[in-house]
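Structure first, commentary second.
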Amino acid sequence: MNDRAEAVFWIVWNPEGRNPRFRHTTEPSAIGEAERLAREHPGQMFIVLEAKAARW
């Protein structure tokens, strides 16, 4: 992958849970995962975060 492709990803974060580990390569994938997790864990919030910049 080129540098730009590696820098573009989304993660799903739950403020009450563990740190995210999976990098979604598309926004719809991350949103779908947030919706799935919210259904499995009623009352908990799942936030989709997009990487906006990276530096090496």
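Derivation of every value follows stated rules applied to the coordinates shown; laboratory data play no part. The shown structure was predicted, so the numbers you read here are calculated from the model rather than taken from an experiment. Every residue, glycine as well, gets a Cβ built from its backbone with ideal geometry; the counts of neighbours run over all protein chains shown.
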note = One quarter of the C-alpha convex hull surface, i.e. the mean projected area of the chain in nm², amounts to 4.2
Structure-based [θ]222 nm, the chain - -39500 (n - 2.57) summed over DSSP H runs of at least 4, per residue, nearest 500 = -10000 deg cm²/dmol
ask   = How far apart, in nm, are the 7 Å Cα→Cβ label points at residue 47 and residue 8?
value = 2.4
note = For residue 31, the net charge from surrounding residues (Cβ-Cβ under 14 Å; K, R +1; D, E -1) works out to -2
